[in-house]
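Before any comments, here is the structure.
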Amino acid sequence: MSGIGSALLNSLDIGLLLFIIAVGLNIVFGVLNIINFAHGALYMLGAYLAFTLINMVGMPFWAALLLAPIGVAILAVIIDRVLLRFIYSRDVADSLLLTFAILLIINESVRMIWGSGIQVVQPPQLLSGSVQLLGSSVATYSLFVIVIGLILLAGLWYLFNRTRVGRIMRAAALDRDMAEALCINTRMVVTGVFAFGAWLAGVGGVMAAPMRALDPGMGDKIIIESFIVVVIGGLGSFPGALLGAMVLGLIHGFGGRYLPEVNLLLPFVGMALVLLFKPHGIMGKGATT
Amino acid sequence: MSNPILTITNLTKRFGGVSAVSKIDLEVMPKETLAIIGPNGAGKTTFYNMVSGRMQPTEGKIMLDGKDITGLPPHKISRLGVSRSFQLNNIFPEMTVQENVEVVLSAYHGHSRKLFNIASRNTGIQTEAVEYLKRLGIDELKGQRAEVISYGDKRLLEIAMVLAIRPKLVLLDEPTAGMTPDETRRTTRLIKALAESGDYTFLITEHDMDVVFDLADRILVMHRGENLFAGTPEEVKNHPEVRTAYLGEEEDEPVEEANT
Amino acid sequence: MKSKILMAILALVIAGLIAVPWIASYFYVFIFTEILILGLFAASFNLIFGYTGMLSFGHAAFFGVGSYATALVLIHLQWPFLACLLVSMGASALLALVIGFLSVRLNEVYFAMLTLAFGMMVFAIAYQWRSVTNGSDGLAGFSLGSFGLGLDLTLGNPSVYYHVVLGIVAIASIVLYVICRSSFGMILKAIRQNPERVSFAGLNVRTYRLVAFVIAGTFAGLAGGLIAPFLRVASPELLHWSMSAEPVLMAILGGTGYFLGPFVGSAVFVLLETWITSFTESWMLVLGIILALMVIFFRKGLLGTLIDWWMEVKK
């Protein structure tokens, strides 16, 4: 029983973390119609910035949680203004190629700046212990991730359902023609949305830093996971991103514990199954060739 | 009296709660030319999209030559003999005019499955392609890249491609839209000649009333997705409701200038 | 006239390629072997990207599986090299059929994501299935026996191996070229420019995409089968997505609109890599910057830009 309880909690914290990252990917896709291949690299950058701020500068974790994602968002604005602006009017393939190039550049820059070795960020004192819950001991930090995840989830829900900007973003994600009809593809909105997506990736990176070791391959892992999340849930759908993230969280939470020999493979099997029966994801629609 | 080539019953398409096409019944007889008219948003293109397989109908049935084709994918419907043009030009821009038709012909003849021939030496298909271009009077353009020819010629090229799969039923979506008056006259003459050749059955949507009255054997008037009236051109001209609902509106609209 | 000049240049290049082992040091024999193998890999990728318009970020899956197949057959069965290559092609074709079936159904954004994800799935398998793949170290310690067809070739000799690679790549390229110029190839080009019109001409676009994907995977598998004995190892790196990035970059670098573009791209890529890695570790950084610049400013690639420039001069 206690095994299942902690596997569930583990699934929940992985799932919420993935949701934060995947929803950023979805927002950028929805409004800009591009899949940002560098999204995982931006997440990694969030983690490494937090590492520098905490371990090098000596800032408290909380300050890093606030500042590092902003740093990532500022970089995203620069990427958008310097590079992406050339290709918004072009074929989709070009945006895929360009964000892929950005991914290579960020990955290698991280390797140059922080080295190929593994780096570790300690959770703040307050959250470094563990508590007894459901009959087993759970890392306090894990609970913290769940709480922050739920707060962000609520915030995003409010944004998408209760504010005009959010509703437009959500509608645009599902129907591109309408997005164009509302003339939301103005430069400011495009840059803003791209930066917001990057900010979410950055938040995910900082939150993940004390849970996972930092290495230059961490962005690659997370972008694949995010793809799996949006394919399972449905590209462009926000409830879909949540659902996909939870499914993947459960696969990790339970797969790692009960099927360690094939745990790396399970997410792909899940994705293939969804593709076979629901090619557009569980909550997606449209977008066939 | 022969059997209808196309029988449509209760055809309906709803987007969310809005009906774009609602309960259309229609029979099209072989070799006739039927025009579908109606103001923008009347559901003409949605109607076409369902008949050609681009959209799934919400309700209703489409029978082609006694065969149920409702909801089949476009390539299957095309194989069964329905061919269509689009309101916006739908050609292969980076190929030559002749190659555009060759692609369609090699699809039709099953050459498209050949991996180890050299397409540029397929003289049979090349001769045939030039013949189709001749029929549309654009054979002197055969060596040009399709994206550089004039707007009107692109439309004619698309018609050549539409005809090249030897369709039983041809759907033309506003064939003269955006053409200069000269091009419109030329195109109307061409379609009329094709229709009179007795080889084709045409469904045509069109905004230009002169073209419609010139070509159509029968006219279906659509309004807000519904069948407002169907009859001969004479009947349509004299129908009071049609005059107010559509022909009257037509006069208010500025005559579309050629935009090429 | 124009085609005569082109043929003369091509003949000269081929003569030069044949002569490499006699006029250059082993160092260059190795470099040219790599250029040829990666050129074939990139050309197979360009069949789906440049011709059919599908951007795959997982093409290394087929390359890597091809290399593992040859390595496994050499270790366990010691078959002639030619047979190994056929096994590589078969294994890659099968994998391409499965991945392709799941990926070609959706639009190009999905396609790019799915090919990347499935590519990494194959990477994960190679990494985790230690008993067969030897995990992260990969398969090594195999050696080439006979070539097959009763030919007596010392494949262990780099010059001989280079000539074998040259011959096989030449034959494979001719086959690929014919496919590109065939009626089928014409349909692929038509699909890139306007898939809708193709399906309204009565063809199932999905089927054509899948066939192209399988052909591309098969030839990538052949290239993989050639690379394993050359590197003397089949390792997970050959399956990693950074390996998938290489044909993408080579095709873009040379020019996706030309059959020879990927080969030109491969040559520039390998020479540049050799030169740049001699003074910096950060080859991938340079790669990213080049890719970004090519995409933004020189989308037609080196060949396309050169040809455009030549046309301008002639005017």
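The values are calculated or read from the model by the stated rules, or taken from the named source; none is laboratory data. As the structure is a computational prediction, the values presented were derived from the model and not from experiment. Virtual Cβ from ideal backbone geometry, glycine too; neighbours counted across all protein chains shown. Just the protein is used for accessible areas: all its heavy atoms, side chains included, with ligands, DNA and RNA removed. Shrake-Rupley method; radii C 1.70, N 1.55, O 1.52, S 1.80 Å.
For A:Val262, the criteria (1) assigned to a helix (DSSP H, G or I); (2) at pLDDT below 85; (3) open to solvent by 10 Å² or more (accessible area, probe 1.4 Å); (4) within 14 Å of chain C (Cβ to nearest Cβ) hold in every case but one, which is (1).
For beta carbons closer than 8 Å, sequence separation of 6+ or different chains, a first residue in the range C:137-166 that is over 15 Å from C:Arg232 (Cβ atoms) and a second that is small (Gly, Ala, Ser) and part of a helix (DSSP H, G or I), the qualifying pairs are C:Gly148/C:Ala83.
The single condition among (1) within 13 Å of another protein chain (Cβ to nearest Cβ); (2) farther than 20 Å from C:Gly202 by Cβ; (3) assigned to a helix (DSSP H, G or I); (4) in contact (Cβ under 8 Å) with a residue 40 or more places away in the chain that B:Glu183 does not satisfy is (1). Scanning the range B:6-38 for residues that are β-branched (Val, Ile, Thr) and open to solvent by 40 Å² or more (accessible area, probe 1.4 Å), we see that the one that is farthest from B:Asp65 (Cα to Cα) is B:Val18.
For the condition in contact with a Gly (Cβ under 6 Å, 6 or more places away or on another chain), within 13 Å of chain C (Cβ to nearest Cβ) and farther than 21 Å from A:Val189 by Cα, A:Ala101 qualifies.
On the basis of being facing another protein chain (nearest Cβ under 10 Å) and not aromatic (Phe, Trp, Tyr), does A:Asp80 make the cut? The answer is no for A:Asp80. Exactly one residue out of B:Val103, B:Val130 is β-branched (Val, Ile, Thr), within 7 Å of chain C (Cβ to nearest Cβ), open to solvent by less than 40 Å² (accessible area, probe 1.4 Å) and not in a loop (DSSP other than H, G, I, E, B): that is B:Val103. Taking the conditions (1) more than 18 Å from C:Ala228 (Cβ to Cβ); (2) open to solvent by 10 Å² or more (accessible area, probe 1.4 Å) in turn, C:Gly58 satisfies each one other than (2). Meeting the requirement of 2 or more residues that are touching a His at 6+ places or on another chain (Cβ under 9 Å), the helices (runs of 4 or more DSSP H) wholly within the range C:239-308 are C:241-254. Does the range C:51-81 hold any residues that are over 13 Å from the mean Cα position of the chain (by Cα) and within 14 Å of chain A (Cβ to nearest Cβ), and which are they? Within the range C:51-81, C:Tyr51, C:Thr52, C:Gly53, C:Met54, C:Leu55 meet the criteria. Of the residues examined, B:Ala146 is not one that is out of contact with any strand residue (DSSP E or B) (no Cβ under 8 Å at 6 or more places or on another chain) and in contact (Cβ under 8 Å) with a residue 12 or more places away in the chain.
The residues of the range C:187-197 that are facing chain B (nearest Cβ under 7 Å) and open to solvent by less than 20 Å² (accessible area, probe 1.4 Å), listed by number, are C:Ile187, C:Ala190, C:Asn194, C:Arg197. Here the strands (runs of 3 or more DSSP E) wholly within the range B:199-238 that include at least 2 residues being under 16 Å from the mean Cα position of the chain (by Cα) are B:202-205, B:218-223.
Is it true that B:Asn90 is within 23 Å of B:Glu206 (Cβ to Cβ), within 12 Å of chain C (Cβ to nearest Cβ) and modelled with pLDDT under 90? Judged against the criteria, B:Asn90 is a match. Evaluate the range B:143-155: report whether one residue or more is closer than 25 Å to C:Leu188 by Cβ, away from chain C (no Cβ under 14 Å) and of a type in the set (Gly, Ala, Ser). Checking the range B:143-155: at least one residue is closer than 25 Å to C:Leu188 by Cβ, away from chain C (no Cβ under 14 Å) and of a type in the set (Gly, Ala, Ser). Candidates in the range C:198-214 are the residues that are more than 8 Å from chain B (Cβ to nearest Cβ), in contact (Cβ under 8 Å) with a residue 12 or more places away in the chain and open to solvent by 10 Å² or more (accessible area, probe 1.4 Å); of these, the one that is nearest to B:Asn117 (Cα to Cα) is C:Val211. All told, C:Ile31 falls short of being within 16 Å of the chain's Cα centre (by Cα) and crowded, with 24+ Cβ neighbours inside 10 Å.
In the range C:244-296, the qualifying residues are those that are under 14 Å from A:Phe100 (Cα atoms) and open to solvent by 20 Å² or more (accessible area, probe 1.4 Å), and the one that is farthest from the other protein chains (Cβ to nearest Cβ) is C:Glu246.
Being open to solvent by 20 Å² or more (accessible area, probe 1.4 Å) and free of Cβ contacts under 8 Å to residues at least 12 places away in the same chain: is that true of C:Leu82 here? Spelling it out, it is not the case that C:Leu82 is open to solvent by 20 Å² or more (accessible area, probe 1.4 Å) and free of Cβ contacts under 8 Å to residues at least 12 places away in the same chain.
Conditions (1) open to solvent by less than 10 Å² (accessible area, probe 1.4 Å); (2) among the aromatic types (Phe, Trp, Tyr); (3) within 18 Å of B:Ser83 (Cα to Cα), marked per residue:
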site	(1), (2), (3)
B:Lys168	no, no, yes
B:Leu172	yes, no, yes
B:Pro181	no, no, no
B:Arg185	no, no, no
B:Gly198	no, no, yes
B:Asp214	no, no, no
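Residue check: is A:Ile232 buried (at least 24 other Cβ atoms within 10 Å of the Cβ), under 14 Å from the mean Cα position of the chain (by Cα) and at pLDDT 90 or above? No: the conditions fail for A:Ile232. For the range B:122-144, indicate whether the set of residues that are in contact with a Phe, Trp or Tyr (Cβ under 9 Å, 6 or more places away or on another chain) and small (Gly, Ala, Ser) is non-empty. For the range B:122-144, residues in contact with a Phe, Trp or Tyr (Cβ under 9 Å, 6 or more places away or on another chain) and small (Gly, Ala, Ser): absent. Look at the range A:11-37: where a residue is charged (D, E, K, R) and a partner is open to solvent by 10 Å² or more (accessible area, probe 1.4 Å) and part of a helix (DSSP H, G or I), sitting 6+ places away or on another chain with Cβ atoms under 6 Å, you get A:Asp13/A:Ser142; A:Asp13/A:Ile146.
Scanning the range B:186-198 for residues that are closer than 15 Å to B:Ile138 by Cβ and either in a loop (DSSP other than H, G, I, E, B) or under 16 Å from the mean Cα position of the chain (by Cα) (or both) yields B:Thr187, B:Arg189, B:Leu190, B:Ile191, B:Ala193, B:Leu194. Within the range B:39-56, which residues are open to solvent by 10 Å² or more (accessible area, probe 1.4 Å) and over 12 Å from B:Thr205 (Cβ atoms)? Scanning the range B:39-56 gives B:Gly41, B:Gly53, B:Arg54, B:Met55, B:Gln56.
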